[in-house]
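The values are calculated or read from the model by the stated rules, or taken from the named source; none is laboratory data. Quick caveat, the model's predicted, so the values are computed rather than measured. Methodologically, a virtual Cβ is constructed for each residue, glycine included, from the backbone with ideal geometry; neighbour enumeration extends over all protein chains shown. Note: areas computed on protein heavy atoms with side chains; ligands, DNA, RNA excluded. Shrake-Rupley method; radii C 1.70, N 1.55, O 1.52, S 1.80 Å.
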Amino acid sequence: MAEPTKDELKLIERFRENIRDLNLNNEQEEDMFLLSWIRARENDLIKAEDMLRKSLIWRKKEDIANIFDWHAPPSYASRYKSNKLSGVDNEGRSVFNLPLGTWDIRKAVEAGEREIYIRYVDQLLDKFMKIVRQSTNENGRRHTQFVIIIDMAGFTIRQLTSSSTVSTLLETFRRFEANYPETLKTVFIINTSRIFPLAYSFVKPLLSARTRSKIQIFNSNMSKWKPVLLECIPEKSLPSDYCQDSTAEVLHGGDGVLIAAIVEAGAKLNLDFNVLKANALLSWEFETLNFDIGFAVFHESSEVFSYSRWNSHLKKVEGAVVCQNPGRFKEFLHHF
């Protein structure tokens, strides 16, 4: 976060006096901490004070001070992975990678674990902030912001067809926006699919204009988003999966080949893939010379990318899914 201006230093002193009764700790008394609430409320000290007081009440109610003593069920470590610290950006800020697209939030909700999942996210956010505060900038001040790469590869419409799941997702964003002001430097949301606008339409109203201005959204075309990431993040700080060259090839049988085929009206085309490792990324890119085409992806007999018809004769179609389990995968194309 940028250093306070002269006018902001005056606001900080007034703000500090207004909240003297809160008996903040040394870290909370720091200028940059107080400034984050002031900026989040566009220099309105009354609104900033209200925001801070509500947040402190929330932290006490949720026992956030002792959240690292709480332990999520063992399965959460694999079900809701986060790569945590990937590295630092060009200015030394922490860079985190969150593969949100692979998170089956609905599974937790339907298992009666809504509160556990929310607390897991609360703990994850506090872990992020603990890491952030351990680093300093060139002036010796503690960093207050981080960069996050949210990878939506594998996200399906299934997560949005349950009102309980949507409300759980929104609650986690609501908590972040209310209790971690001005902690985001930049958010890169990558590998989005055509259903992402629907998901974002739920979340967007919860975010302030300041937060929304920090978000950059990209589809699965690595050649588009990787150069943007590299403008502020050294390649060594990116997850290894993002450091590979992006090609337009279809991978089949372990060898990179370009496949051209004629699919007659009423015919189907199946492309089989043997995935050997869990969490491998299966991607595709196709276009047709004439007519639209149906497309889906299956793992064994289960559909992992829902069947839809695509206007691939008008625009190239790109996408990807995360293969959570190894086995036989099939890309299925159908010409009506």
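General remarks:
- Matching entry among Ser135, Ser82 (being over 18 Å from Gln28 (Cα atoms) and among the hydroxyl-bearing types (Ser, Thr, Tyr)): Ser82
- Of all residues in the range 273-299, those being modelled with pLDDT of 85 or more and open to solvent by 40 Å² or more (accessible area, probe 1.4 Å) number 3.
- From the list Ser162, Ser201, Ser213, the one residue that fits, being out of contact with any Phe, Trp or Tyr (no Cβ under 9 Å at 6 or more places or on another chain) and either more than 24 Å from Val321 (Cβ to Cβ) or among the aliphatic types (A, V, I, L, M) (or both), is Ser213.
- Annotation note: of Ala48, Ala72, Ala65, the sole residue that is closer than 23 Å to Val121 by Cα and open to solvent by less than 50 Å² (accessible area, probe 1.4 Å) is Ala72.
- Qualifying residue in the range 82-95 (condition: more than 23 Å from the chain's Cα centre (by Cα) and not small (Gly, Ala, Ser)): no
- Number of the condition not met by Ala40 [criteria: (1) open to solvent by less than 80 Å² (accessible area, probe 1.4 Å); (2) without any contact (Cβ under 8 Å) to a residue 12 or more places away in the chain]: (2)
- The residue list Leu98, Leu35, Leu22, Leu56 contains one member that is at negative phi, open to solvent by less than 80 Å² (accessible area, probe 1.4 Å), hydrophobic (A, V, I, L, M, F, W, C) and in contact with a strand residue (DSSP E or B) (Cβ under 7 Å, 6 or more places away or on another chain), which is Leu98.
- Members of the range 176-194 that are open to solvent by 20 Å² or more (accessible area, probe 1.4 Å), within 15 Å of the chain's Cα centre (by Cα) and not polar (S, T, N, Q): Phe176, Glu177, Lys185
- Subset of the range 75-95 [small (Gly, Ala, Ser), open to solvent by less than 20 Å² (accessible area, probe 1.4 Å) and at pLDDT 85 or above]: Ser94
- Complete set of residues in the range 49-72 that are under 24 Å from the mean Cα position of the chain (by Cα) and part of a loop (DSSP other than H, G, I, E, B): Glu62, Trp70, His71, Ala72
- Taking the criterion of being among the acidic types (Asp, Glu) and touching an Asp or Glu at 6+ places or on another chain (Cβ under 6 Å), the only residue of the range 288-330 that qualifies is Glu318.
- Test: residue in the range 200-208 that is farther than 30 Å from Ser308 by Cβ, in a loop (DSSP other than H, G, I, E, B) and open to solvent by less than 70 Å² (accessible area, probe 1.4 Å): yes
- Verdict on Ile12 being over 31 Å from the mean Cα position of the chain (by Cα), part of a helix (DSSP H, G or I) and not charged (D, E, K, R): yes
- Taking the criterion of being assigned to a helix (DSSP H, G or I) and surrounded by 11 or more Cβ atoms within 10 Å (Cβ to Cβ), the residues of the range 222-237 that qualify are Met222, Lys224, Trp225, Lys226, Val228, Leu229, Leu230, Glu235, Ser237.
- Residue match in the range 55-68 (condition: in contact (Cβ under 8 Å) with a residue 60 or more places away in the chain, touching an Asp or Glu at 6+ places or on another chain (Cβ under 9 Å) and farther than 30 Å from Arg106 by Cβ): no
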